[in-house]
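Enquirer: First the structure, which I've put down as structure tokens, then a few questions once you've had a look.
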Amino acid sequence: MQKMQKAVIAALLGLVLTGCASGGPSPEALAPADPAATTQTRALFHFLRRQMGRGILFGHQHETTQGLTIDTTDGTQSDTDNAVGDFAAVYGWDTLSIVAPKIEGDITEQAIKAYERGGIITISTHLDNPLTEAQKGTFPTGTSWDTTPAVEAALPGGEAHEVYTGYLDQLAQWALNLRAEDGTAIPVIYRVLHENTGSWFWWGADQSTPEQYKALYRFTVDYLRGEKGVHNFLYAYSPNAFWPATEAAYEERYPGDQWVDVLAFDAYGPASDNADWFQNVQDNAALVVRMAEARGKIAAIAEIGIRAPDIEAGQYDNRWYRKLLEALKSDEQARKVAYLLVWRNAPEGVDGGKPHYWVPTTLPHDRERGTLEDFRAFYQDDFTLFNSDLPEVYN
């Protein structure tokens, strides 16, 4: 309750300060990229902007649909809640639950429950390679990790354009049908073609020029909000963390302010000897905050955690969450990121993969290692916000 009261006061104070601040974007610029965004979507945009510097919202991918300590995936349980007695503030899912064949399972009802709980929803992108899909029968298999260059082919006039718009049609149908019990269209932060500065996806740096990538990002946003009438999306741009973190590096593939609401980045690092990595996270967080403030946008860390090979090898850092929070809080710019999100908790065999978990659990190994204690200390800090700490976000 004390954390919630502080969050409400901070949000109200932020409203006052936003109205009184001098310099920066004009009041007219402080609006979502979609001029026709719904009332609730605009409310989410303004809440997250006001939140910057007044506490960091904690997010978790597949918060209520995958886990190691839950016995149902109907949206009522989570490893986070079992560990600290509260749900994440930001619930992450993916197009893998929306676009056929929905290999991560439909999440519509769980997303509705998250919204009605007062939480915030974000969707990331793992669309199959549209060129490989258009040329069925060719190798490789056509997942997001099929690095056959396909960005140019997905653009209007390209060989894979119809396949790509078919993916977007399914996403749009889901968005338009995602409604609360009272009929309200539920707002979603849609993270478009993320980690594009790496080269492990078909839209990556080795698979497209900066201009090709920017054109596909812009087309995606324009198609969803213009052609399909989706007005309950905020749009996030999220490359990988840069070494070093410079505005020039970030802007190379940045699609432009007309198509972006959230400036973010993704960062994974080692389980040990990670001081330099945490410093780099701080540098990138400060960078996106500076850029977001100058543009009237939201800054966030869209994905963060210990890198997957270390997790799979059983490596850990029992002060990881406290180190992360210290790195962010100790810099006057970095501390202003609105939210951060860690990846999913999934047992071995889910989607054919190895066990993954980024939220420490109540299981014996996390108690013995001290990782549960670390996560609980992160939760108890007044600067972190979980679901029950949120004021009325959509009002």
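Enquirer: Quick one: Debye curve from the C-alpha atoms of the range 269-395, no solvent, what's log10 I(q)/I(0) at q = 0.20, 0.23 Å⁻¹?
Expert: -1.25, -1.45
Enquirer: Between residue 147 and residue 209, 0.36 nm times their residue separation minus their Cα-Cα distance comes to what?
Expert: Gain on extension, residue 147 to residue 209, equals 20.9 nm.
Enquirer: Pick from 384, 361, 138: which residue has the top mean-square fluctuation in a GNM of the chain where Cα pairs under 10 Å get a spring?
Expert: With Cα springs under 10 Å in the chain, the top fluctuation among 384, 361, 138 is at 138.
Enquirer: Quick one: work out the % antiparallel among DSSP beta bridges in the chain, nearest 5.
Expert: Details: 2 of 35 bridges.
Just about 5 percent of them are antiparallel.
Enquirer: Let me ask something else. Under 1.5 on a/c is rounded, so check that first for the chain, then, if it is not, pick prolate when a/b is larger than b/c and oblate when it is not; a ≥ b ≥ c are the square roots of the alpha carbon gyration tensor eigenvalues.
Expert: On the way: a/c = 1.34, a/b = 1.14, b/c = 1.18.
Since a/c stays below 1.5, the shape of the chain is classed as rounded.
Enquirer: Please list, by residue number, every one of the trypsin sites (Lys or Arg not before Pro) in the range 34-93 that is coil in DSSP and has at most 14 other beta-carbon atoms within 10 Å.
Expert: In loop regions of the range 34-93 (DSSP not H, G, I, E or B), there are no sparsely surrounded trypsin sites (Lys or Arg not before Pro).
Enquirer: For the range 246-342, build the convex hull from the C-alpha positions and give me its volume per residue in Å³. Walk me through the intermediate numbers first.
Expert: Working: hull volume 9.6 nm³, N = 97.
Residue-normalised Cα hull volume stands at 99 Å³.
Enquirer: Same structure again: If I take R0 = 25 Å and measure r between the Cβ atoms of residue 279 and residue 315 in this structure, what FRET efficiency does the formula 1/(1 + (r/R0)^6) give, to the nearest 0.05?
Expert: According to the calculation, E is roughly 0.80.
Enquirer: On to the next question. Can you give me the distance in nm between label points at residue 109 and residue 272, each placed 7 Å from the Cα along the Cα-to-Cβ direction?
Expert: Modelled inter-label distance: 4.5 nm.
Enquirer: Determine the alpha carbon to alpha carbon distance for each of 113/323; 214/329; 297/329; 102/323; 113/336 and list only those over 30 Å.
Expert: From 113/323; 214/329; 297/329; 102/323; 113/336, over 30 Å: 113/323; 214/329; 102/323.
Enquirer: Provide the net charge surrounding residue 219, with neighbours chosen by a C-beta distance below 14 Å and charges set as Lys +1, Arg +1, Asp -1, Glu -1.
Expert: So the surrounding residues net to -2.
Enquirer: Given points 7 Å out from each Cα along the Cα-Cβ axis, report the residue 322 to residue 159 separation in nanometres with one decimal.
Expert: Calculated label separation equals 5.6 nm.
Enquirer: Note down the nm distance, to one decimal, between modelled labels 7 Å out along Cα→Cβ at residue 331 and at residue 138.
Expert: A separation of 4.1 nm, rounded to one decimal place.
Enquirer: What percent of all Cα-Cα pairs in the range 69-166 falls into each 10 Å bin, going from 0 up to the bin containing the maximum distance?
Expert: The percentages, shortest bin first, are 15, 35, 23, 19, 7, 0.
Every read-out reported here was derived from the displayed coordinates using simple, explicitly stated rules and does not represent laboratory data. Only a predicted model underlies this, so the values are computations on that prediction, with no experimental measurement involved. Virtual Cβ from ideal backbone geometry, glycine too; neighbours counted across all protein chains shown.
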